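Peer 1: Below is one structure. I have some questions about it.
The values are calculated or read from the model by the stated rules, or taken from the named source; none is laboratory data. This structure is a prediction, so every number in the text was calculated from the model and none was measured. Positions of Cβ are backbone-derived with ideal geometry, glycine not excepted, and every protein chain shown enters the neighbour counts. To get the accessible areas, we keep the full protein, side chains included, count just its heavy atoms, and leave off ligands, DNA and RNA. Shrake-Rupley method; radii C 1.70, N 1.55, O 1.52, S 1.80 Å.
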Amino acid sequence: MKKLLLIDLDCGVDDAQALMMALASPSVEVLGITCCYGNSVLENTCRNTLRVLHVCHKLEIPVYRGASAPILGGPVLGAFFHGKDGLGDVPDPSAPGLDLLQEEHAVTAILRIVNERPGQVSIVATGPLTNLALAVKMDPLLPEKLKNVFIMGGNTESRGNVTVCGEFNFATDPEAAYIVLNEYICPVYIAAWEFTCSCQLSWEFYDEWVNQNTEKAQFMKKIFAHSVDIIKSSSSKAGRKEWNSGFVSCDSYAMAAAIDESFLTEVTEIGVSVELNGSLTRGMMIMDWTDKLEKENKAFVMKSCDLGKFQALMMAALR
């Protein structure tokens, strides 16, 4: 039987990479895609999702509009790394319009889809966790009906990428991340920031990947060019002749684990939570090494993986 995935994303470039990986996998059925603000404003992340489905010839998959801001509100700053629109600022006049979005809200869609197939659906979340947090507040029994959840977010060594100690997805909506890590009692797998950086691919692989002679590879090369320029520029300013140490497609690691759990070669089973109050640590994922939180629902924090399997999934995504 195919694995049933519900994908929750804030479609930037690495979300697009992860989504294309799922769409290309013969072992997966994508039941729906729920969109959230994050890498850009909600309208853009919805539009970006439709663009990816269009290039993959998968527009029959329903797309739902979700949360437009964090639970406590505040401006949506986006991620400059992905461009203002989230997909490298290379618009396509022929891209599908927002009229293709479903009328149902993303949060109610999550509840409906999971309730229709209890115990069978896996959620893959690659953006801020606002939709998932709102869903469990609407139905506290939701986690009991899920097969598992795969998250890209958080950090294990307090290394931040948008704040001193905060990873983007968790730091964008710390309250949502806190709710999900504390109220989702189903198996939760986390691809944290440090894990993705430790499992980077070579730039030689990247060149081979985006130079496949396919429409999808051409699309990826175009939307990722903005990010590549930033990486080259930051390496140059740091006085390095070479590129930044390697190519990292953060969200794709969570997706790879959802598609093929044998991709993971080592995980740490541990209680986790999120700091909400620290002046420097707000949004940081807490690793409860000494079990002081006494949590029954431990998370599976990814520690190492099979890069050969990962490369194969990445290559297949753009064929």
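Peer 1: Going by the structure shown, is Lys145 charged (D, E, K, R), over 14 Å from the mean Cα position of the chain (by Cα) and crowded, with 16+ Cβ neighbours inside 10 Å?
Peer 2: Spelling it out, Lys145 is indeed charged (D, E, K, R), over 14 Å from the mean Cα position of the chain (by Cα) and crowded, with 16+ Cβ neighbours inside 10 Å.
Peer 1: Also, quick follow-up: When you scan the stretch 30-41, do you find a residue that is in contact (Cβ under 8 Å) with a residue 24 or more places away in the chain and open to solvent by 30 Å² or more (accessible area, probe 1.4 Å), even just one?
Peer 2: So far as the stretch 30-41 goes, yes, one or more of its residues are in contact (Cβ under 8 Å) with a residue 24 or more places away in the chain and open to solvent by 30 Å² or more (accessible area, probe 1.4 Å).
Peer 1: So, restricting to strands (runs of 3 or more DSSP E) that lie completely within the stretch 1-76, which ones have at least 2 residues that are closer than 26 Å to Val228 by Cβ?
Peer 2: 3-9, 28-35
Peer 1: Among the residues of the stretch 108-146, how many are outside any loop (DSSP other than H, G, I, E, B), among the β-branched types (Val, Ile, Thr) and in contact with a strand residue (DSSP E or B) (Cβ under 8 Å, 6 or more places away or on another chain)?
Peer 2: Number of matching residues: 6.
Peer 1: Follow-up. Any idea how many residues of the stretch 192-219 are open to solvent by 50 Å² or more (accessible area, probe 1.4 Å) and among the aromatic types (Phe, Trp, Tyr)?
Peer 2: 1
Residues checked against (1) modelled with pLDDT of 95 or more; (2) over 26 Å from Leu4 (Cβ atoms):
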{"site": "Thr126", "(1), (2)": "yes, no"}
{"site": "Met138", "(1), (2)": "yes, no"}
{"site": "Leu142", "(1), (2)": "yes, no"}
{"site": "Gly153", "(1), (2)": "yes, no"}
{"site": "Ser158", "(1), (2)": "no, yes"}
{"site": "Pro174", "(1), (2)": "yes, yes"}
{"site": "Tyr178", "(1), (2)": "yes, yes"}
{"site": "Leu181", "(1), (2)": "yes, no"}
{"site": "Ile185", "(1), (2)": "yes, no"}
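Peer 1: Of the conditions (1) closer than 26 Å to Gly38 by Cβ; (2) open to solvent by less than 60 Å² (accessible area, probe 1.4 Å); (3) not in a loop (DSSP other than H, G, I, E, B), Thr281 clears all except one; give me its number.
Peer 2: (3)
Peer 1: Still on this structure, I have one more. In the stretch 184-223, which residues are in contact with a Cys (Cβ under 8 Å, 6 or more places away or on another chain) and in a loop (DSSP other than H, G, I, E, B)?
Peer 2: Scanning the stretch 184-223 gives a single hit, Cys199.
Peer 1: Condition first: of a type outside the set (A, V, I, L, M, F, W, C), open to solvent by 90 Å² or more (accessible area, probe 1.4 Å), over 26 Å from Asp173 (Cα atoms) and at pLDDT 95 or above. Can you find one or more residues in the stretch 232-255 that meet it?
Peer 2: Checked the stretch 232-255: no residue is of a type outside the set (A, V, I, L, M, F, W, C), open to solvent by 90 Å² or more (accessible area, probe 1.4 Å), over 26 Å from Asp173 (Cα atoms) and at pLDDT 95 or above.
Peer 1: On to the next question. Which one of Thr108, Thr49 is modelled with pLDDT of 95 or more, within 30 Å of Glu144 (Cα to Cα) and surrounded by 24 or more Cβ atoms within 10 Å (Cβ to Cβ)?
Peer 2: Thr49
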